[in-house]
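Peer 1: This is the structure I want to talk about, given as structure tokens.
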Amino acid sequence: MSTEPSRNRNREIMNFRSSPPPDASDIVANVLWLRDRELIRDIYARYAYAVDSLDLDLVRSVFAPGCVIVGTMEQGTLDDYLEGLEAGLLMYDATMHFRGNQYVELAGDRAFVETWVVGYHMEAPGSPIDSLELGLRYKDDVERLDGEWKIVRREAVKQWHTGPFPRPFIGPPPYPRKPHGSNARDV
């Protein structure tokens, strides 16, 4: 048995990606760079608010219609994701998502965004099941489409969790759901 400490595989595959600001002497470029970063940041504020308030129309608004989502439990189209998201969230009494570190690599009308999130999934009072705390990284490709930044591809990478994951329950499990024919991992 090895006495060497081992690293979480998800930490080994991290690759820092962030773009520097434009030259300080170019005020217009700096204002545009800051504006784009703030608009991109707003995507994640709206997403967290929408998920925690179960506003699936608002969740949908942060994604491009043809978005592919590779999640912690399954992958698929935006419609597949929203269906599973709603079913999963409704199992909890409440959720609360906090956004942490965010790294943005801007390249014109495209960007790569990595956002760290802690999601609290609270069981109802008296539930025999422990609440879930989940640490994730969202690795997103975003694009400016018709003047608005949207997520075009998301990969959610689980970093850690406390409590049961996936959530146990009585009856047939909702996850993993039966295959829906999507080939999102191939995209």
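The values are calculated or read from the model by the stated rules, or taken from the named source; none is laboratory data. Small disclaimer: the values here were computed from a predicted structure and weren't measured. Here Cβ is always computed from backbone atoms with ideal geometry, including for glycine, and neighbour counts include all displayed protein chains.
Peer 1: TYR103 versus (1) modelled with pLDDT under 95; (2) within 21 Å of GLN159 (Cβ to Cβ); (3) outside any strand (DSSP E or B); (4) not small (Gly, Ala, Ser): which is the lone unmet condition?
Peer 2: So TYR103 meets the others, but not (3).
Yes or no, residue by residue, for (1) among the aliphatic types (A, V, I, L, M); (2) within 12 Å of the chain's Cα centre (by Cα); (3) over 24 Å from LEU145 (Cβ atoms):
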| site | (1), (2), (3) |
| --- | --- |
| GLN75 | no, no, no |
| ASP79 | no, no, no |
| LEU89 | yes, no, yes |
| THR95 | no, no, yes |
| ARG99 | no, yes, no |
| TYR103 | no, no, no |
| ASP109 | no, no, no |
| VAL113 | yes, yes, no |
| TRP116 | no, yes, yes |
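Peer 1: While we're on this one: Please indicate, with yes or no, whether at least one residue in the stretch 50-62 is among the polar types (S, T, N, Q), out of contact with any strand residue (DSSP E or B) (no Cβ under 8 Å at 6 or more places or on another chain), loosely packed, with under 15 Cβ neighbours inside 10 Å and assigned to a helix (DSSP H, G or I).
Peer 2: Looking for residues that are among the polar types (S, T, N, Q), out of contact with any strand residue (DSSP E or B) (no Cβ under 8 Å at 6 or more places or on another chain), loosely packed, with under 15 Cβ neighbours inside 10 Å and assigned to a helix (DSSP H, G or I), one finds at least one in the stretch 50-62, hence yes.
Peer 1: Now a separate question. Name the residues in the stretch 30-43 that are crowded, with 16+ Cβ neighbours inside 10 Å and either among the aliphatic types (A, V, I, L, M) or farther than 16 Å from ARG144 by Cβ (or both), would you?
Peer 2: Once the filter is applied, which keeps residues that are crowded, with 16+ Cβ neighbours inside 10 Å and either among the aliphatic types (A, V, I, L, M) or farther than 16 Å from ARG144 by Cβ (or both), the stretch 30-43 yields ILE40, ILE43.
Peer 1: Let me ask something additional. Just to be sure I understand the filter: pairs with C-beta atoms under 6 Å, separated by 6 or more residues or on different chains, first member in the stretch 71-86 and more than 15 Å from LEU136 (Cβ to Cβ), second member assigned to a loop (DSSP other than H, G, I, E, B) and of a type in the set (Gly, Ala, Ser). Which pairs pass?
Peer 2: The qualifying pairs are GLY76/SER182; THR77/SER182; ASP80/SER182.
Peer 1: Still on this model: State whether the residues of the stretch 79-87 include one that is touching a strand residue (DSSP E or B) at 6+ places or on another chain (Cβ under 6 Å), under 27 Å from ARG167 (Cα atoms) and of a type outside the set (Asp, Glu).
Peer 2: yes
Peer 1: From the set of residues in the stretch 75-92 that are in a helix (DSSP H, G or I) and under 14 Å from TYR120 (Cα atoms), which is modelled with the lowest pLDDT?
Peer 2: GLY88
Peer 1: Does MET14 fit the bill of being surrounded by 10 or more Cβ atoms within 10 Å (Cβ to Cβ), among the hydrophobic types (A, V, I, L, M, F, W, C) and either at pLDDT below 95 or part of a loop (DSSP other than H, G, I, E, B) (or both)?
Peer 2: yes
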